[in-house]
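Data first, discussion second: the structure below is written as structure tokens.
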Amino acid sequence: MSNQLRGRPMIILGEGAQRVRDRDAQSYNIRAARAVANAVRSTLGPKGMDKMLVDNMGDVTITNDGVTILKEMNIEHPTAEMVVEVAQTQEDEAGDGTTTAVALTGELLKNAEELLEQDIHATAIIRGYNLANEKIKEELEVVSDTIDVEDRNLLKKVAETSMTGKGTEIHKEMLSELVVEAVKKVSYEEDGEVFVDLDFLNIETQSGESTLESELFNGAVIDKEATHDNMPSEMKDANILLLMEAIEVKETEVDAKINITDATRLRHVLDQEEEEIRKQVQKIVDSGANVVFCQKAIDEVARHYLAKAGILAVRRMKKSDMHFLKHLLDTTIVSDIDDLSGDDLAKGTVSRDEDDKLFYVESENQDGFGVTLLLRGSTEHVVDELERSVGDAIDVVSQTVTDGQVLAGGGAIEIELASRLRSYAESVSGREQLAIEAFANSLELIPRVLAENAGLDPIDVLVDLRAAHEEGNQKAGLNVFTGDVVNTFDAGVIEPAHAKRQAVSSATEASNLILKIDDIIAAGDLSGSGGDMDMGGMPGMM
Ligand code: ADP
Ligand code: MG
């Protein structure tokens, strides 16, 4: 380097690029993350409110589900997106607890900011938060209860707790019965361990009827019609074919253009095509199949011949339904009609529902198995929220069945963990101690918000809860309906330990990721997606 250049700042950023550094960068990110957290906290708990989200097309979603809210909000801010990912991870790993995970992330960052203001370095906070997360994992082992997974009543409580506060709450007793039954049906034991295979559990939804009409069905429910009026709509002892290929004229290799000049020539081409389709149908007839579920199209001529042969054929099946049928019937999906043989068929019974809208498929194969939870609700909106809420319940019951670890909800576990963290902090020296205490305070956000959303005084509630835990009542939580401190476990507010562990972990990871950033370099203008975030065109959501 020449002497002239030495000491001069080098410009490496393009024109229009923006850079924010150090505390400014941290503040900027923390503000964005907290805005996301604040957007969902009013939905937390049994008394949480719902949100109505309207997308660009004018479609409306009404929900109480954290991850759904954040996804529908269409957040474009880069930091805020990281928090949305927390919700997504929680949804994928635990199915429930998305609001908790996001709210906790916001609070961890808020409390970190206070430490940053006291000149505590981000790396010390990150270390402290990691220590706290590890300690929580240990303590969760200690404070969780191991339950008998055959105890259906308890499993129902776990399901009910996760459905509380959702639009479908009034039916939660009956729904939790269905959920537990469904999960039990698809769980099995191997080498003393319990497994749940949700591939064998399908959810089908129908609007237009009361939720009370929801049912669990041993088999598949297919929302389809026969492709021809003259086809049978029911079939006992059927030979069922699952077909991947379309039944139609196959495109010729070369896209040849035939110039047809006279009518006899045209007739000839059409006859050839019809003959080809007839041959395909004949292969199906010869195999012995009398029910065909086809994932692709079925040509009109083919439908005619199939109907004539007395075969029930359904076209354009959902891929997921095909896979479910494959599991249920313990058979294969045929991809080429030419290779079709009788061995590819499965024994089953196909029947039609009263309203002539759905097919029921039951397996007659001993090895085949699968159940469908048919959820009904008065309107599309009701059904959609029902599906989300029941989906959460299925996940928490599955976790409980597999690991048997549960704990007391309603803020009880958070207060207990906070208290244990505070004792632990005393044994840690240096600045990390302050970070662990900040973590403990962050956990208490959950009971505070539960109280807030129930219109109770959060300070009073917190004081009462802490006092109860100091007296050794590890399961003392909030009855959001009366404001009393009760043993929430005995009151039936029970959550799986796994979801809580995951919520704390993902919140820790996300906060640490955000805290570690001290330099933001943006190719364009940062102010557009900056401090006063307009969340996907929905101001007032924060
Ligand atoms: P998340 O998306 O985090 O699951 P929810 O809105 O489902 O958010 O609320 C979960 C919280 O509500 C948990 O802390 C749970 O213990 C609490 N909760 C659920 N049912 C009750 C109840 N009947 N009384 C008090 N708290 C409850
Ligand atoms: Mg929940």
Do any strands (runs of 3 or more DSSP E) lying entirely in segment 467-524 carry at least 1 residues that are farther than 20 Å from ALA33 by Cα, and which ones are they? 476-478, 485-487, 494-496
Within segment 118-125, does at least one residue satisfy the condition of being touching a helix residue (DSSP H, G or I) at 6+ places or on another chain (Cβ under 7 Å), of a type outside the set (A, V, I, L, M, F, W, C) and outside any loop (DSSP other than H, G, I, E, B)? no
Look at segment 290-310 and say how many of its residues are in contact with a helix residue (DSSP H, G or I) (Cβ under 7 Å, 6 or more places away or on another chain), touching a residue at least 40 places away in the same chain (Cβ under 8 Å) and either over 19 Å from ASN239 (Cβ atoms) or in a loop (DSSP other than H, G, I, E, B) (or both). 2
Among the candidates LEU386, LEU358, LEU345, which residue alone is surrounded by 17 or more Cβ atoms within 10 Å (Cβ to Cβ), within 16 Å of ligand 2 (Cβ to nearest atom) and farther than 18 Å from VAL186 by Cα? LEU386
Exclusive hit being away from ligand 1 (no atom under 16 Å from the Cβ) and in a helix (DSSP H, G or I), set GLU114, GLU150: GLU114
Tally the residues that are farther than 12 Å from LEU242 by Cβ and among the acidic types (Asp, Glu), restricting the search to segment 314-347. 4
Count of segment 129-147 residues which are within 16 Å of ligand 1 (Cβ to nearest atom) and of a type in the set (Asp, Glu): 1
For GLU76, which of the numbered conditions (1) acidic (Asp, Glu); (2) in contact (Cβ under 8 Å) with a residue 12 or more places away in the chain; (3) in a helix (DSSP H, G or I) fails to hold? (3)
Starting from segment 141-168, keep only residues that are more than 23 Å from VAL383 (Cα to Cα), then list their pairs with residues that are away from ligand 1 (no atom under 16 Å from the Cβ) and not in a helix (DSSP H, G or I) whose Cβ atoms are within a distance under 7 Å, requiring at least 6 positions of separation or different chains. THR146/GLY404; ILE147/GLY404; VAL149/VAL194; VAL149/GLY404; LEU154/ILE147
Quick one: in segment 79-97, which of the residues that are touching a residue at least 40 places away in the same chain (Cβ under 8 Å) and among the polar types (S, T, N, Q) is farthest from ligand 1 (Cβ to nearest atom)? THR79
Out of LEU44, LEU70, report the one residue that is within 16 Å of ligand 2 (Cβ to nearest atom), in contact (Cβ under 8 Å) with a residue 12 or more places away in the chain, in a loop (DSSP other than H, G, I, E, B) and not assigned by TED's automatic domain parsing to the domain that holds VAL158. LEU44
Is it the case that some residue within segment 139-153 is within 21 Å of GLY411 (Cβ to Cβ), buried (at least 23 other Cβ atoms within 10 Å of the Cβ) and either of a type in the set (Gly, Ala, Ser) or not assigned by TED's automatic domain parsing to the domain that holds ALA440 (or both)? no
Going through (1) away from ligand 2 (no atom under 16 Å from the Cβ); (2) on the phi > 0 side of the Ramachandran plot; (3) of a type outside the set (Lys, Arg); (4) out of contact with any Gly (no Cβ under 7 Å at 6 or more places or on another chain) one by one, VAL84 fails only at (2)
Condition check: crowded, with 24+ Cβ neighbours inside 10 Å, within 16 Å of ligand 1 (Cβ to nearest atom) and among the acidic types (Asp, Glu). Does GLU107 satisfy that? yes
Residues in segment 464-511 that are within 27 Å of the chain's Cα centre (by Cα), aliphatic (A, V, I, L, M) and farther than 15 Å from LEU407 by Cβ: how many? 3
Qualifying positions in segment 389-409 - small (Gly, Ala, Ser), part of a helix (DSSP H, G or I) and either within 14 Å of ligand 2 (Cβ to nearest atom) or surrounded by fewer than 24 Cβ atoms within 10 Å (Cβ to Cβ) (or both): SER389, GLY391, ALA393
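The values are calculated or read from the model by the stated rules, or taken from the named source; none is laboratory data. On a predicted model such as this, the values are computed, not experimentally measured, just so you know. Note that we place each Cβ from the backbone using ideal geometry, even for glycine, and neighbour counts take in every protein chain shown.
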